[in-house]
Amino acid sequence: MSAEAPLGAVVTTPESRHYWEGVARGVLLLPRCRACGKAHFYPRSFCPHCFSDMLDTFEASGRGTIYTFSVMRRANPPYCIAYVRLEEGPILLSRIVDAPFDTIRCDQPVRLVFRKTAEGDAVPVFAPV
């Protein structure tokens, strides 16, 4: 396997600050609605399922499956981007790392790992189990 493609810079907003602080500590914190009980991603000030503003955060397991993916073969170096469905329900757009591209499949189990950006910030990515 060749070198990994660089990751983009982290952009923190007031709504995502808590999420990125968790990532910096090595945990994936997700919002969950106290009104409907559903978890969601991307962090925002209301529940996208029921529009309640009664939100808490919890530490996600970091386990999921690849919903769909695409290999960016023309990039230098190439990389794989995927939608990962977490055990807790939300779907995250992320990178798949530590796997030859021809072994990556939909519904493949993955686990959370962290990589650093050029600026030194941690970013959540996923590797096959």
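Please give the contour-minus-distance gain from residue 29 to residue 76: 0.36 nm per residue of separation, less the Cα-Cα distance, rounded to one decimal in nm.
Fully extending the segment from residue 29 to residue 76 adds 13.8 nm.
With every atom except the alpha carbons ignored, what do you get for Rg and Dmax of the range 66-116, in angstroms?
Rg then Dmax for the range 66-116, in Å: 10.9, 34.
Per the 1.4 Å probe, what fraction of the accessible area of the chain, in percent, lies on carbon and sulfur atoms?
52 percent
Using the Cα centre of the chain as origin and beta-carbon charges of +1 (Lys, Arg) and -1 (Asp, Glu), tell me which of 60, 40, 100 is placed farthest towards the positive end of the dipole.
The Cα lying farthest towards the positive end belongs to 100.
With charges only on Cβ, +1 for K and R and -1 for D and E, what is the dipole size of the chain about its Cα centre, in debye, rounded to 20?
180 debye
In Å and on Cα atoms, what radius of gyration and Dmax does the chain show?
Gyration radius and largest Cα-Cα distance of the chain: 15.1, 46 Å.
Restricting attention to the range 85-129, which trypsin sites (Lys or Arg not before Pro) occupy a DSSP loop and are surrounded by at most 12 other Cβ atoms within 10 Å?
Qualifying residues, ordered by number: 105.
The values are calculated or read from the model by the stated rules, or taken from the named source; none is laboratory data. Please read all numbers here as calculations on a predicted model, not as lab measurements. A quick note on method: Cβ atoms are made from the backbone with ideal geometry, for glycine too, and the neighbour counts reach across all protein chains shown. Keep in mind that these areas ignore ligands, DNA and RNA; they rest on the heavy atoms of the full protein, side chains included. Shrake-Rupley method; radii C 1.70, N 1.55, O 1.52, S 1.80 Å.
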